[in-house]
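The values are calculated or read from the model by the stated rules, or taken from the named source; none is laboratory data. Please read these numbers as outputs of a predicted model, since none were measured by experiment. With ideal geometry, Cβ positions are generated from the backbone for all residues, glycine too; neighbour counts draw on all protein chains shown. Surface areas here come from the heavy atoms of the whole protein model, side chains and all, with no ligands, DNA or RNA. Shrake-Rupley method; radii C 1.70, N 1.55, O 1.52, S 1.80 Å.
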Amino acid sequence: MLELKGKTVFITGGAEGIGYHIGRRLAHAGMNIMLSDIDTTVLDKAVKTLKKEGFNAEGVKCDVSIPEDLESAAQKTIDTFGKVHMLINNAGVGASGPQQRIKENDWRWMIDVNLMGVVTGTQVFVPLIQSHGEGGWLINVASMAGFKGESFAGPYSATKAAVVSLSETWRSELGPSGINVSVLCPGYVKSRIYDSMRNRQECYGGPVHFEQILRKNPKLSILKEPVVTGIDTEIVGHRVLEALANDEFYIFTHPEIRDLVNMQFNNITEGFDQADASPVLDTVLPKESPNT
Ligand SMILES: NC(=O)c1ccc[n+]([C@@H]2O[C@H](COP(=O)([O-])OP(=O)(O)OC[C@H]3O[C@@H](n4cnc5c(N)ncnc54)[C@H](O)[C@@H]3O)[C@@H](O)[C@H]2O)c1
């Protein structure tokens, strides 16, 4: 593992929740922390708290769906700390519902924040990390939903699957230039993710608070329950530090979900068995498959 002390991390969606607590742990490890977020009220409080505790922390407003925001936030990071060594693409949002009822605006919102935010963040920050030759890290925050599509969470699962896939791609692309890539895949973590629409930008329909959603449909409290009974964000922060020390690529926080993923692998294997036994394919494909 590369030395963390004195290095700089930039975290998207870092004002609260998982991003904030990873930042706090990295601050304890001696890193300079640049928190960024779309929500400046919560961001200002978070930065004040870290500074009060004696950490080297600053904040910058940044909506990850806006490339210019990421570019100016990167400039502020360099102006403040001189260099940047670690990017944590953490900002993420979710909205649930039966697939025929999820509006195009919400699809675009989740794609622009959860997927394009990660793509643009990486395009903006990786050259800066590569420029100093000291090596660094890229940590993408996906989800267990990226391994197993969750019912009624189509856009969220699809964007998180894309983030897992991109992380696998970037691991081999960026490793040779000294950038370690990891993908954090939590199960349920106690945060305000169920209330993501509080920060939905006007161009995607504007903010809606979970309390408003509940007033219309009290049954939707089922969206909040598993989150608020999830593991603590502090634990996730500690786990990420542990994983960095071990150079882990897939960073899991809920080992009990392994069985679900195994079921998924079994379904895939069954699909291959069926293809293997297929008389149709017998006529066209060689039995020995090439490495593609
Ligand atoms: N909480 C869970 O159960 C859980 C599980 C798996 C993965 N995750 C992922 O963890 C990450 C962090 O989520 P969390 O649980 O801490 O949720 P959270 O809602 O508590 O925190 C998300 C942060 O992102 C910010 N944000 C929202 N839209 C943004 C935008 N356009 N640009 C910049 N910042 C924006 C919010 O203001 C907030 O500070 C997300 O990517 C989420 O998908 C969460």
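Taking all protein chains in place and a 1.4 Å probe, what share, in percent, of the accessible surface of region 226-290 do carbon and sulfur account for? Of all accessible area on region 226-290, carbon and sulfur atoms account for 59 percent.
For region 23-83, rounded, prolate or oblate, judged on the Cα gyration tensor with a ≥ b ≥ c (square roots of eigenvalues), a/c < 1.5 rounded, else prolate if a/b > b/c? In terms of gyration-tensor shape, oblate. Taking trypsin sites (Lys or Arg not before Pro) that fall in a DSSP loop and have at most 10 other Cβ atoms within 10 Å as cut points, what is the longest piece of the chain between them? Between exposed loop sites, the widest span is 6-286. Legend: residues Ile66, Ile11, sorted from most to least accessible area (1.4 Å probe; ligands, DNA and RNA excluded), read Ile66, Ile11. Length gained on full extension, Thr41 to Glu242, computed as 0.36 nm times the residue gap minus the Cα-Cα distance: 69.3 nm.
Summing Lys and Arg as +1 and Asp and Glu as -1 over all other residues whose Cβ lies under 13 Å from the Cβ of Phe55 gives a net charge of +4. Taking GluC sites (Glu not before Pro) across region 188-252, the ones in a DSSP loop with at most 16 further Cβ atoms lying within 10 angstrom of their Cβ are Glu248.
From its DSSP helices (H runs of at least four residues, each -39,500 (n - 2.57)), the chain gives a residue-normalised ellipticity at 222 nm of -14000 deg cm²/dmol. Stretching Glu71 away from Asn217 to a fully extended chain increases their span by 48.6 nm, per 0.36 nm per residue minus the current alpha-carbon distance. What fraction, in whole percent, of alpha-carbon pairs in the chain exceed 33 Å separation? So the portion of pairs separated by more than 33 Å is 25 percent. Proximity of backbone amide H atoms, modeled 1.01 Å from N, is registered between Ala57 and Ile33 at under 5 Å, excluding neighbours fewer than 5 places apart on the same chain.
Look at the Cα gyration tensor of region 168-217: its axes a ≥ b ≥ c give a/c of at least 1.5 with a/b over b/c, and that counts as prolate. Seen from Arg171, the other residues with C-beta closer than 15 Å to its C-beta sum to a net charge of -4, counting Lys and Arg as +1 and Asp and Glu as -1.
The mean accessible area for residues of the chain, using a 1.4 Å probe and ignoring ligands and nucleic acids, is 51 Å² per residue.
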